[in-house]
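Everything below concerns the one structure shown next.
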Amino acid sequence: MKRRAPLLLAGLALAALGGCASAPEERFYTLSAVAEPATATRAYTVSVGPVNVPEMVDRPQLVLRLAANRVEILEQARWATPLPSGIGQVVAANLARLLGGTRVAAYPQSAVSDPDYRVAVDVQRFESAPGTAASLDALWTIRSARGALVKAGRSTIDEPARGGDTEALVAAHDRALAALSRDIARALPAMASP
């Protein structure tokens, strides 16, 4: 019995110390609209969505591209909203800035009923390379209210990360999404078709 007491006390002490250890702090990130506001205005409505992203990045955690065949999933660095809706909201906000006066909303939470144009985005590549760049490759289509194809395009963007941390990568993705939004804005007509 005397031999077990020190072992029991040592086990309790280790358990108490283990209970004091804290889990790593989780950090949450959001994408932001950074497109410069336009001076010209357009008077029509646009709905952005749906937005599709590759399965590899369609998760709460940020995914880093470390090599051609290697990624790292950052368990403690997470998107505050699902990536498809975050991208849709940022593209919509960027388009609203770029198309001054145009009512733009993200699907499915669209405040725009029966929009003049619908923009769908199919992200082929959404990569984060630490200390290097944020890469975006997206196919997009613009359809009229009647469903007719107005324009289809592809935007391939590599935006340098201005630092080696996660915040720099997220900011690079913001700039890449602004470039995508500019491509879409240039393809939208000057005025809505009758």
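What the table below lists for this structure:
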read-out: Top-ranked residue of segment 86-98 - restricted to ones that are of a type outside the set (A, V, I, L, M) and modelled with pLDDT of 95 or more, ranked as nearest to Leu139 (Cα to Cα); value: Gly88
read-out: Hits in segment 156-194 - residues which are among the β-branched types (Val, Ile, Thr) and not in a helix (DSSP H, G or I); value: Thr156, Ile157
read-out: Residues of segment 14-44 that turn out to be aliphatic (A, V, I, L, M) and at pLDDT 60 or above, as a count; value: 8
read-out: Scan of segment 138-155 for residues that are in a strand (DSSP E or B) and surrounded by 14 or more Cβ atoms within 10 Å (Cβ to Cβ), ordered by number; value: Ala138, Leu139, Trp140, Thr141, Ile142, Arg143, Ser144, Val150, Lys151, Gly153, Ser155
read-out: From Glu127, Glu159, residue being of a type in the set (Asp, Glu) and without any contact (Cβ under 8 Å) to a residue 40 or more places away in the chain; value: Glu159
read-out: Ala138, sole failed condition from (1) of a type in the set (Gly, Ala, Ser); (2) under 20 Å from Ala33 (Cβ atoms); (3) without any contact (Cβ under 8 Å) to a residue 40 or more places away in the chain; (4) in contact with a strand residue (DSSP E or B) (Cβ under 8 Å, 6 or more places away or on another chain); value: (3)
read-out: Flag for Ala120 being part of a strand (DSSP E or B), out of contact with any helix residue (DSSP H, G or I) (no Cβ under 9 Å at 6 or more places or on another chain) and aliphatic (A, V, I, L, M); value: yes
read-out: Residue that is surrounded by the fewest Cβ atoms within 10 Å (Cβ to Cβ), among those in segment 107-129 that are closer than 25 Å to Met56 by Cβ and modelled with pLDDT under 90; value: Pro108
read-out: Filter result for Ser135 (modelled with pLDDT of 95 or more, surrounded by 15 or more Cβ atoms within 10 Å (Cβ to Cβ) and in a strand (DSSP E or B)); value: yes
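The values are calculated or read from the model by the stated rules, or taken from the named source; none is laboratory data. All values reported here derive from a predicted model rather than from experimental measurement. Every residue, glycine among them, receives a Cβ derived from its backbone with ideal geometry; neighbour counts consider all protein chains shown.
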